[in-house]
């Protein structure tokens with residue numbers, strides 16, 4: 001026996017798998033806390049608009065107003081967090097390395113740009129890709145629906161004032177259903193003043209729709225590729241064309257059009273392949289894809305902010 005042989009490790013002993021699911025937890029917690037701050041601040045503003053009976057000049061830092069802001073903040077974080085945890089837990093199930101959710105604080109009408117996870121390795125099989133892609137929208141929608149109905153029950157019917165400073169919102173089918181259940185047919189000159197929880201659910205549904213567009217690396221793009229394989233690139237290009245048309249209904253779709261265009265330029269129109277690209281999905285997953293389509297339809301509105309439409313100007 002070679003005396004040096006024992007000092008050379010065999011390939012089996014020398015190779016070690018790369019550790020997975022390692023995160024800088026402090027960063028995720030910090031971003032979550034900052035998002036709580038920005039969404040609570042925005043929520044206070046929505047609560048002030050909702051509670052017209054509050055005295056003018058009420059202090060912004062009163063416990064009552066902060067608690068009112070939490071109606072919006074907690075709801076939107078639960079919806080966005082459930083969406084991303086759906087992806088994350090599916091990745092854990094399939095041992096696909098992924099990060100914890102990154103919440104994105106942003107001082108805007110929503111207080112956040114949403115939340116994301118980072119998938120750090122290729123997804124090898126079609127069923128895995130489909131399950132990881134659809135888990136987020138299903139989980140987020142499961143939280144948004146009860147939040148919408150609870151929030152709608154706490155909303156108020158108020159007269160519409162011509163000089164109102166409120167921002168009109170487009171109503172998806174699900175919101176119209178919830179409004180009909182609790183408030184019936186509104187008299188002329190009246191509208192529903194959404195409770196902050198209902199507004200958070202409205203934003204959560206908008207984020208779900210955004211992710212379900214069947215293009216690129218969006219959740220809908222993963223679902224589309226899982227169903228159609230190589231032909232999914234045609235759906236991506238058709239989706240890009242559709243977003244350009246939607247800009248005329250509301251300029252908010254510019255953001256989605258830019259995102260899809262950027263993904264198409266950087267990664268190309270084709271989805272990254274999996275090893276079983278030509279193997280069809282089973283009937284259960286095809287059924288879940290139909291559920292995702294229903295979620296898209298009942299959550300979609302072409303003009304989320306009607307005042308920002310280009311048509312008619």
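The values are calculated or read from the model by the stated rules, or taken from the named source; none is laboratory data. This structure is a prediction, so every number in the text was calculated from the model and none was measured. Cβ placement follows ideal geometry from the backbone for every residue including glycine, while neighbour counts extend to all protein chains displayed.
Note on region 86-99: among residues that are in contact with a strand residue (DSSP E or B) (Cβ under 9 Å, 6 or more places away or on another chain) and surrounded by fewer than 19 Cβ atoms within 10 Å (Cβ to Cβ), the one that is nearest to residue 145 (Cα to Cα) is 92.
Just a yes or no: is a residue in region 225-246 part of a loop (DSSP other than H, G, I, E, B) and at pLDDT below 90?
Scanning region 225-246 turns up no residue that is part of a loop (DSSP other than H, G, I, E, B) and at pLDDT below 90.
Report yes if residue 207 is under 26 Å from residue 134 (Cβ atoms), surrounded by 14 or more Cβ atoms within 10 Å (Cβ to Cβ) and in contact with a strand residue (DSSP E or B) (Cβ under 9 Å, 6 or more places away or on another chain), otherwise no. For residue 207, the condition - under 26 Å from residue 134 (Cβ atoms), surrounded by 14 or more Cβ atoms within 10 Å (Cβ to Cβ) and in contact with a strand residue (DSSP E or B) (Cβ under 9 Å, 6 or more places away or on another chain) - is met. Exactly one residue out of 169, 177, 113, 100 is more than 25 Å from residue 278 (Cα to Cα), out of contact with any helix residue (DSSP H, G or I) (no Cβ under 7 Å at 6 or more places or on another chain) and not in a helix (DSSP H, G or I): that is 113.
Just so you know, in region 28-40 the residues that are touching a residue at least 40 places away in the same chain (Cβ under 8 Å) and over 18 Å from the mean Cα position of the chain (by Cα) include one that is farthest from residue 197 (Cα to Cα), and it is 34. One residue stands out in region 260-273 among those that are assigned to a helix (DSSP H, G or I) and touching a helix residue (DSSP H, G or I) at 6+ places or on another chain (Cβ under 9 Å): the one that is nearest to residue 300 (Cα to Cα), namely 260. Scanning region 282-304 for residues that are buried (at least 17 other Cβ atoms within 10 Å of the Cβ) and part of a loop (DSSP other than H, G, I, E, B) yields a total of 4. Only residues that are more than 16 Å from the chain's Cα centre (by Cα) and under 16 Å from residue 287 (Cβ atoms) were counted across region 129-152, and they come to 2. Restricting attention to region 235-277, the residues that are buried (at least 19 other Cβ atoms within 10 Å of the Cβ), farther than 18 Å from residue 133 by Cα and over 20 Å from the mean Cα position of the chain (by Cα) add up to 1.
Here residue 309 qualifies as surrounded by 13 or more Cβ atoms within 10 Å (Cβ to Cβ) and more than 18 Å from the chain's Cα centre (by Cα).
Checking 149, 102 one by one, the residue that is at pLDDT 95 or above, out of contact with any strand residue (DSSP E or B) (no Cβ under 7 Å at 6 or more places or on another chain) and surrounded by fewer than 21 Cβ atoms within 10 Å (Cβ to Cβ) is 149 and no other.
In the set (1) at pLDDT below 95; (2) in contact with a helix residue (DSSP H, G or I) (Cβ under 6 Å, 6 or more places away or on another chain), residue 129 fails one condition alone, (1). Here residue 52 fulfils each of the conditions (1) out of contact with any strand residue (DSSP E or B) (no Cβ under 8 Å at 6 or more places or on another chain); (2) surrounded by fewer than 20 Cβ atoms within 10 Å (Cβ to Cβ); (3) at pLDDT below 95 apart from (1).
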